[in-house]
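Read through the structure below, which is laid out as structure tokens, and then see the notes.
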Amino acid sequence: MGDTDDFQIYFYTGHKGRYGHEFFRFEIDKYGTLKYANNSNYRRDSIIQKTLRLSPTLINEIRRIIEDSEIMHEDSSKWPRRDENGRLQLEIEMNGRSITIETAKISSLADTISTEDPEGLRVLYYLIQDFKCLILSIISLHFKIKPIA
């Protein structure tokens, strides 16, 4: 799949609202370090921050997910701009290419339908869902292991 020297991801989605600044963020650097943060002030929750190292096999799987999504070929110029409902930001550096996307927060697949580029936003939406599932699974497995009795 390639050398990890040029592989980095930064993802953020969030908004400022009734409960303050709420967001979900993760980044993976070229060394395979995953930094995760989730801030929900609902019921006075505090920010959750975790850092861990990913294996080369997992990095290669994340690279495959990105390549299969074809997000690196999308043009975000017709996507909705950030607004009062929040923003979504994705930066990927991989295989000598980089892409930076900033758009309005996408809460559901329905948010992509009435846009100028619904297919491109659908690609982004599914990629983000894959990322969220994978990252949350890794965090859950790594930090909430309960021994079998």
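A few notes on this one:
- Selection from the range 75-116 of residues that are of a type in the set (Gly, Ala, Ser) and under 18 Å from the mean Cα position of the chain (by Cα): 76, 86, 98, 104, 107, 108
- Checked against (1) without any contact (Cβ under 8 Å) to a residue 40 or more places away in the chain; (2) surrounded by 10 or more Cβ atoms within 10 Å (Cβ to Cβ), residue 143 meets all criteria but (1).
- Residue ID - modelled with the highest pLDDT, chosen from residues in the range 50-71 that are among the charged types (D, E, K, R) and within 25 Å of residue 39 (Cβ to Cβ): 53
- Strands (runs of 3 or more DSSP E) within the range 1-90 that include 1 or more residues surrounded by fewer than 14 Cβ atoms within 10 Å (Cβ to Cβ) and small (Gly, Ala, Ser): 8-17, 20-28
- Boolean, residue 136 is open to solvent by 60 Å² or more (accessible area, probe 1.4 Å) and either under 16 Å from the mean Cα position of the chain (by Cα) or at pLDDT 95 or above (or both): yes
- Taking the range 94-107 as the range and being buried (at least 18 other Cβ atoms within 10 Å of the Cβ) and farther than 16 Å from residue 125 by Cβ as the test, only 94 passes.
The values are calculated or read from the model by the stated rules, or taken from the named source; none is laboratory data. Owing to the predicted nature of the structure, the values given are computational and were not obtained by experimental measurement. Cβ atoms come from the backbone with ideal geometry, glycine included; neighbour counts cover every protein chain shown. Note: accessible area is taken over every heavy atom of the protein model, side chains too, but ligands, DNA and RNA are not part of it. Shrake-Rupley method; radii C 1.70, N 1.55, O 1.52, S 1.80 Å.
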